[in-house]
Amino acid sequence: MSGEEPEAALPQAVFDCSLFLQAALRPDGPAGLCLDCVEAGAVELLVSEPILAEVREVLRRPELKPRRKGRLTDRIVNELLSWVEAQATLVPEVPSVFSYARDPDDEPYLNLAVASKALYLVTRDRDLLDLQHPDSGPGRELRRLAPQLTILDPVEFLRLVPSPLGGTT
C-alpha cells in the first residue's frame with residue numbers, strides 16, 4: 001500500500017436544458033457559475049443522449065436569436081455544445097423508471113438522476129422543483145427511487161458546491 005488515500009468521488013449533478021440556455025446568455029450569472037463548478041472539478045456533470053439532443057435543439061432555435069439581440073450567436077452555441085460534450089460524463093443507457101405525467105419532457109432528466117444516483121438535479125423548472133415538496137405524490141415516488149437526490153435551483157446549488165474560486169459560493 002502506498003499510504004495515499006483514494007480520491008473521493010465528485011458529487012454528480014444533472015443540469016436541465018434551461019440551465020444551459022441561461023449559461024449561454026449570461027455566462028457570469030448563476031447558471032454560468034454552475035458550469036464553472038464543473039470545469040473546476042467541483043462536480044461531475046452527467047448527460048444522456050436525449051438530454052444532449054434537447055440542449056442542441058433548444059440552443060439552435062431560430063426564434064431565440066432575434067429576441068436575445070444576437071447574444072446567442074452560432075459561435076456561442078457551438079462553443080457551449082463542444083464544452084458540454086468535452087466536460088460532461090455521457091451515461092449511455094438510462095432506463096425509464098420514473099414517469100412524470102405533469103411534464104413528460106422532464107423524464108429524461110429525472111431518469112438520468114435516478115439511474116446515476118446523482119446528488120443534484122439543478123433547474124429553474126417549477127415542475128421539477130415541486131417534486132421536492134413533501135406533499136407531492138410523484139415526489140414521494142421519486143424519493144423512494146432516489147433518496148439521495150436534491151432538486152434545487154442554480155443559486156441553491158452554488159451555496160452547496162465548493163466554488164471554483166475556493167470555499168463555497
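Quick rundown of the values:
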quantity: Of 137, 29, 41, the one that fluctuates the most in a GNM where the chain has Cα springs shorter than 10 Å; calculated: 137
quantity: Spin-label model distance (nm) - residue 159 vs residue 73, 7 Å beyond Cα toward Cβ; calculated: 3.7
quantity: Extension gain from residue 141 to residue 60, taking 0.36 nm per residue of separation minus the Cα-Cα distance; calculated: 25.7 nm
quantity: Antiparallel DSSP beta bridges within the chain, percent to nearest 5; calculated: 10
quantity: Computed [θ] at 222 nm, deg cm²/dmol, the chain (DSSP H ≥ 4; -39,500 (n - 2.57); rounded to nearest 500); calculated: -13000 deg cm²/dmol
quantity: Contact order normalised by residue count of region 10-169, Cα under 8 Å, 6+ apart, percent; calculated: 28
quantity: Within the chain, longest stretch free of exposed trypsin sites (Lys or Arg not before Pro) [DSSP loop, at most 14 other beta carbons within 10 Å]; calculated: 1-59
quantity: GNM top mover of 27, 154, 108 - the chain, alpha-carbon springs below 10 Å; calculated: 27
quantity: Prolate/oblate/rounded call for region 113-153, Cα gyration tensor, a/c under 1.5 rounded; calculated: oblate
quantity: In region 71-169, the GluC sites (Glu not before Pro) that fall in loop regions by DSSP, at most 14 other Cβ within 10 Å; calculated: 93
quantity: Cα shape, the chain, gyration tensor, a/c 1.5 rule; calculated: oblate
quantity: Heavy-atom accessible surface of the chain: percent carbon and sulfur, 1.4 Å; calculated: 53
quantity: Region 45-106: C-alpha gyration tensor shape, a/c 1.5 cut-off, then a/b vs b/c; calculated: oblate
quantity: Accessible area (Å², per residue) of the chain, counting only protein heavy atoms and a probe of 1.4 Å; calculated: 55
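The values are calculated or read from the model by the stated rules, or taken from the named source; none is laboratory data. What you are looking at is a predicted structure, and each value in this text was computed from that prediction instead of being measured. We place every Cβ from the backbone using ideal geometry, glycine too, and count neighbours over all the protein chains shown. Side chains are part of the model used for accessible areas, which takes the heavy atoms of the whole protein and leaves out ligands, DNA and RNA. Shrake-Rupley method; radii C 1.70, N 1.55, O 1.52, S 1.80 Å.
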